[in-house]
Amino acid sequence: MNCVRGKKIYTGKKVVKDAYVVFNGKKMVGVSKEKKGKLLGSFAVVTPAFVDPHSHIAMIRAGEPGAEAEANEHMDSILAVPDALDSVQMDDSALKDAVEAGVLYSCVLPGSGNIIGGLSAVIRHYAKNTTDALVARAGIKAAFGYNPMSTVDWKGKRPSTRMGALAILRSKLTDVSQKMAKHKRAKGAKKQEITFSAEEAVLRDVLSRKHVLRVHVHKIDDIAALLRIVDEFKLKVIVEHAGDVHEPEIFAELKKRGIPVLYGPIESLAYKVELKHESWRNIRHLMESGVEYGLMTDNPVNLTRLLFLQTRWFTRLGLSKQQAIELVSRKNAELIGLGNILGTLDRGKWASFTCWNGDPFDITSYPIAVYGEGELLFSE
């Protein structure tokens, strides 16, 4: 058993002063006022490991030309089978930079050029290879708005308008839904005759709510269109980005429906018309609505190592320091289905945490020791 002492410990749920983070092997024992086991060091502040819930890290890699990026597969507009993990390369230097900043996990998704892009993968940034990196799955990527309609020069069947993109999606979901209904009605040998392709099997699981649909969407009316699709097909979705939402009503509707938002990135240039209303001040609508939300980087749009830096806009608009830490640890972990193993320093969770030389909210402070599943990954 080992422990580290913190003058202040953000547990992911509360703040504890002058206590010890205790862990045994890969797992947390908990936060204790008493020293237990071997003391590995004393630090100004200890926080849980941060989790980036939406990223293209190691798919779009630092130091490699854009032509070698692998976030978007161009072969067709509906691609349910591709697995983001298969395009991750663990030698991306952004992974090491993220670890040194206390961001140890990312949910990596295919890009947003396709209406359906494929399977997500939650990875640990410190693994030796992609098989070891995989932590869990966290849904299927989809995209609404400008991005799918901007890919007319790519291969396959491509839309040139929003209505075209939604027509392709609606048609595909309808076909699979009708086949599911036919399969359910059929009996005996006739039931065995109805088979689903690999792509149809994934979409069947989306329609059955076994997979959450992680939907890239920025603008108010594109979110409204998504909600019409949700109503039609009874889908389980997460709204991802929402950077152009500059009025409060649509967030209130998401709150009413229990649909969460993975918000961001905040620091990036508004590089397309779809983001013409983008501003950090829009965050107030998100916060005031009461909708459940997390915070992403969308690496490399924002760098993963800067995830925590984005919380300064939330504290400016009223979040406490504890709530800001919670946003990029517990809330992010829970929204991608990993609240049982990550996000807090509770007993039984992974011993993944960061030790700081001062207040993390002070620009002169930085991590001086980072632990992932009980292993010292970085020390200054």
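The values are calculated or read from the model by the stated rules, or taken from the named source; none is laboratory data. Just so it is clear, the model here is predicted, and its values are computed rather than measured. Positions of Cβ are backbone-derived with ideal geometry, glycine not excepted, and every protein chain shown enters the neighbour counts.
Do you know which residues across region 114-133 are surrounded by fewer than 24 Cβ atoms within 10 Å (Cβ to Cβ), within 14 Å of the chain's Cα centre (by Cα) and more than 19 Å from F378 (Cα to Cα)?
Matches in region 114-133: L119 only.
Can you tell me how many residues within region 14-23 are touching a residue at least 24 places away in the same chain (Cβ under 8 Å) and either more than 25 Å from K321 (Cβ to Cβ) or in contact with a Gly (Cβ under 8 Å, 6 or more places away or on another chain) (or both)?
Qualifying residue count, region 14-23: 2.
From the set of residues in region 80-93 that are touching a helix residue (DSSP H, G or I) at 6+ places or on another chain (Cβ under 8 Å) and surrounded by 21 or more Cβ atoms within 10 Å (Cβ to Cβ), which is nearest to E200 (Cα to Cα)?
Filtering first and then ranking leaves A80.
Could you list, in sequence order, all residues of region 82-134 that are closer than 30 Å to K155 by Cα, touching a strand residue (DSSP E or B) at 6+ places or on another chain (Cβ under 9 Å) and part of a loop (DSSP other than H, G, I, E, B)?
Answer for region 82-134, where residues must be closer than 30 Å to K155 by Cα, touching a strand residue (DSSP E or B) at 6+ places or on another chain (Cβ under 9 Å) and part of a loop (DSSP other than H, G, I, E, B): P82, V88, M90, L109, P110, G111, S112, G113, N114, I115, S120.
If you check K210 against the conditions, is it out of contact with any helix residue (DSSP H, G or I) (no Cβ under 7 Å at 6 or more places or on another chain) and either among the charged types (D, E, K, R) or under 20 Å from V239 (Cα atoms) (or both)?
The answer is yes for K210.
Are there strands (runs of 3 or more DSSP E) fully within region 285-380 with at least 1 residues that are in contact with a Leu (Cβ under 7 Å, 6 or more places away or on another chain) and touching a residue at least 12 places away in the same chain (Cβ under 8 Å)? List them.
Once the strands (runs of 3 or more DSSP E) in region 285-380 are filtered for at least 1 residues that are in contact with a Leu (Cβ under 7 Å, 6 or more places away or on another chain) and touching a residue at least 12 places away in the same chain (Cβ under 8 Å), what remains is 293-295, 353-356, 367-372.
Looking at (1) modelled with pLDDT under 95; (2) in the same structural domain as W356 (by TED's automatic domain parsing), can you tell me which one S42 breaks?
(1)
Would you point out which residue out of D231, D222 is in the same structural domain as Q178 (by TED's automatic domain parsing) and either more than 19 Å from R170 (Cβ to Cβ) or under 23 Å from the mean Cα position of the chain (by Cα) (or both)?
D222 is the lone residue from the list that is in the same structural domain as Q178 (by TED's automatic domain parsing) and either more than 19 Å from R170 (Cβ to Cβ) or under 23 Å from the mean Cα position of the chain (by Cα) (or both).
Just give me the residues in region 90-103 being in contact (Cβ under 8 Å) with a residue 40 or more places away in the chain and over 13 Å from D52 (Cβ atoms), in sequence order.
Listed by number, the residues that qualify are M90, E100.
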